[in-house]
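**Q** Attaching a single structure in structure tokens format; questions to follow.
The values are calculated or read from the model by the stated rules, or taken from the named source; none is laboratory data. If you're wondering where the values come from, they're calculated on a predicted model, not measured in any experiment. A quick note on method: Cβ atoms are made from the backbone with ideal geometry, for glycine too, and the neighbour counts reach across all protein chains shown.
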């Protein structure tokens, strides 16, 4: 993934300004948040569920996007590390917005994947920096999604922030029930670069019978840069 990003950055030097701006916003946010929560950590007990591994599955992906998502996260005493992989995601009909909806298009994402590195503010709340890569395929809505009907495929690369709150309804219990975990997340994933020239493409739309232009989509809700999800899974190892 990193090799692809580097190659695209060399071809599109202008996008470096966007990357720098995004990185400054993210870094400033973390620097602001960390002291306010961490200034008295020496007087507090260690966070619960440190040095523990969690596996979770997103609910929005199968319920709305007809695909799936798996997330694996490791929590040290202060830092969180995660890898998240969405697969076979679909947007069509009521989930389409803007020009794509007007042009009667549908999106298929074979994968949306990447990792995150975060800082734990409490035992159950952390904020993460998240670089991601998203693979897009564009089709006419209602047509069979195969190579013959493919209008355009491209990739977008995002770098953003994610806020995660875990809830463990049985954490006061003994035994295996203690590990049952839910995670509610709010994420901001702006595109920093795409594989499209000028981040858009033009094609002849057979439904409107016109040459149409479509910009690279954002991965978020209703074409925005923001995502919300609820996941459920298991944390191994107890408190």
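Residue-wise test of (1) more than 19 Å from residue 229 (Cα to Cα); (2) touching a strand residue (DSSP E or B) at 6+ places or on another chain (Cβ under 8 Å).
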position: 97; (1), (2): yes, no
position: 104; (1), (2): yes, yes
position: 107; (1), (2): yes, yes
position: 116; (1), (2): no, yes
position: 119; (1), (2): yes, yes
position: 141; (1), (2): yes, yes
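**Q** For the stretch 73-82, check the following and say yes or no: at least one residue is free of Cβ contacts under 8 Å to residues at least 24 places away in the same chain, more than 18 Å from residue 191 (Cβ to Cβ) and out of contact with any strand residue (DSSP E or B) (no Cβ under 7 Å at 6 or more places or on another chain).
**A** No, there is no match, as no residue in the stretch 73-82 is free of Cβ contacts under 8 Å to residues at least 24 places away in the same chain, more than 18 Å from residue 191 (Cβ to Cβ) and out of contact with any strand residue (DSSP E or B) (no Cβ under 7 Å at 6 or more places or on another chain).
**Q** Can we say residue 202 is over 13 Å from the mean Cα position of the chain (by Cα), surrounded by fewer than 19 Cβ atoms within 10 Å (Cβ to Cβ) and in a strand (DSSP E or B)?
**A** Working: over 13 Å from the mean Cα position of the chain (by Cα): yes; surrounded by fewer than 19 Cβ atoms within 10 Å (Cβ to Cβ): yes; in a strand (DSSP E or B): yes.
Yes.
**Q** What number of residues within the stretch 148-159 satisfy the criterion of being within 24 Å of the chain's Cα centre (by Cα) and not in a strand (DSSP E or B)?
**A** First pass over the stretch 148-159, keeping only residues within 24 Å of the chain's Cα centre (by Cα): 152-159.
Then keep just the ones that are not in a strand (DSSP E or B); that gives none.
Counting residues in the stretch 148-159 that are within 24 Å of the chain's Cα centre (by Cα) and not in a strand (DSSP E or B) gives 0.
**Q** Yes or no: the stretch 67-81 includes at least one residue that is surrounded by 21 or more Cβ atoms within 10 Å (Cβ to Cβ), over 17 Å from the mean Cα position of the chain (by Cα) and either more than 30 Å from residue 178 (Cα to Cα) or modelled with pLDDT under 95 (or both).
**A** Within the stretch 67-81, not a single residue is surrounded by 21 or more Cβ atoms within 10 Å (Cβ to Cβ), over 17 Å from the mean Cα position of the chain (by Cα) and either more than 30 Å from residue 178 (Cα to Cα) or modelled with pLDDT under 95 (or both).
**Q** Another question, then. The conditions are (1) without any contact (Cβ under 8 Å) to a residue 60 or more places away in the chain; (2) touching a strand residue (DSSP E or B) at 6+ places or on another chain (Cβ under 6 Å), and residue 146 fails exactly one of them. Which is it?
**A** (2)
**Q** Now for a separate question. Where the second residue is buried (at least 23 other Cβ atoms within 10 Å of the Cβ) and the first is more than 23 Å from residue 191 (Cα to Cα) and lies in the stretch 104-128, which pairs have Cβ atoms under 6 Å and are six or more apart or on separate chains?
**A** 120/126; 124/166
**Q** May I ask you to list the residues in the stretch 160-176 that are more than 12 Å from residue 239 (Cα to Cα) and not in a strand (DSSP E or B)?
**A** Here is the first cut: in the stretch 160-176, the ones more than 12 Å from residue 239 (Cα to Cα) are 160-167, 169.
Listed by number, the list holds a single entry, 169.
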